1. Considering only residues that are within 15 Å of Val63 (Cα to Cα) and either part of a loop (DSSP other than H, G, I, E, B) or within 13 Å of the chain's Cα centre (by Cα) (or both), look in region 97-111 and name the one that is modelled with the highest pLDDT.
2. Tyr114 versus (1) modelled with pLDDT under 95; (2) surrounded by 19 or more Cβ atoms within 10 Å (Cβ to Cβ); (3) in a strand (DSSP E or B): which is the lone unmet condition?
3. Given the criteria touching a residue at least 12 places away in the same chain (Cβ under 8 Å), within 24 Å of Asp58 (Cα to Cα) and part of a helix (DSSP H, G or I), does Thr30 qualify?
4. Which of the residues belonging to region 45-79 are within 10 Å of the chain's Cα centre (by Cα) and in a helix (DSSP H, G or I)?
5. Any residue at all in region 86-96 that's touching a helix residue (DSSP H, G or I) at 6+ places or on another chain (Cβ under 8 Å), modelled with pLDDT of 90 or more and hydroxyl-bearing (Ser, Thr, Tyr)?
6. Mind checking which pairs have a first residue in region 14-26 that is on the phi < 0 side of the Ramachandran plot and a second that is part of a helix (DSSP H, G or I), Cβ under 6 Å, 6 or more apart or different chains?
7. Taking Gln4 as the residue in question, decide whether it is assigned to a strand (DSSP E or B) and of a type in the set (S, T, N, Q).
Amino acid sequence: MEYQENVLCYEDYCRLRESVGWTNFSKEQTQAALSNSLYTVAVFENSQAVGMGRLIGDGMYLVIADIVVNPVYQGKGIGSKIVSMLIEYTTKELPDGGRTSIQLISEKGKEPFYEKLGFKRIPNDFCGSGMKMVIRK
């Protein structure tokens, strides 16, 4: 597996979302969202995208979005590595004495995956649970 930073493109983004049954946004929206991401991770095997994740926000409040691993590749630690890379980026960019709140919305049933990575549940009535992690430096 090859983990690449800030190379996530529209086509790979859409293909990966489709692989897990998620509806895509318009091309214009998607391209704007990708270009406005703070940091992205794309995972490739034989030049084919098999996983991705994005970090969005303003530096104090951050959101992890679009953690997707093609179902054929799930259970191999790819999703955990993507989330870890997003968290590492956050830690590296945090100024001395700073702190940040990283949040995400989990798909129903995926909450234990994020809890293993240090996130805490913030229950809601929408989909799955809101999850939150605070990092201090």
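The values are calculated or read from the model by the stated rules, or taken from the named source; none is laboratory data. Predicted, not measured: the structure shown is a model, and the values here were computed from it. Glycine gets a Cβ as well: all are built from the backbone with ideal geometry, and neighbour counts include every protein chain shown.
1. Restricting attention to region 97-111, the residues satisfying the condition of being within 15 Å of Val63 (Cα to Cα) are 99-107.
Now restrict to residues that are either part of a loop (DSSP other than H, G, I, E, B) or within 13 Å of the chain's Cα centre (by Cα) (or both): 102-107.
Values: Ile102: 93, Gln103: 90, Leu104: 90, Ile105: 85, Ser106: 84, Glu107: 83.
Within region 97-111, the match that is modelled with the highest pLDDT is Ile102.
2. (3)
3. Numbers: touching a residue at least 12 places away in the same chain (Cβ under 8 Å): yes; within 24 Å of Asp58 (Cα to Cα): yes; part of a helix (DSSP H, G or I): yes.
For Thr30, the condition - touching a residue at least 12 places away in the same chain (Cβ under 8 Å), within 24 Å of Asp58 (Cα to Cα) and part of a helix (DSSP H, G or I) - is met.
4. Hit for region 45-79 is Gly79, nothing else.
5. Narrowing region 86-96 to residues touching a helix residue (DSSP H, G or I) at 6+ places or on another chain (Cβ under 8 Å): none.
Scanning region 86-96, I find no residue that is touching a helix residue (DSSP H, G or I) at 6+ places or on another chain (Cβ under 8 Å), modelled with pLDDT of 90 or more and hydroxyl-bearing (Ser, Thr, Tyr), so the answer is no.
6. Close Cβ pairs (under 6 Å, with a partner that is part of a helix (DSSP H, G or I)) amount to Asn24/Cys14; Asn24/Arg17.
7. Details: assigned to a strand (DSSP E or B): yes; of a type in the set (S, T, N, Q): yes.
Considered against the rule, which asks whether it is assigned to a strand (DSSP E or B) and of a type in the set (S, T, N, Q), Gln4 comes out as yes.
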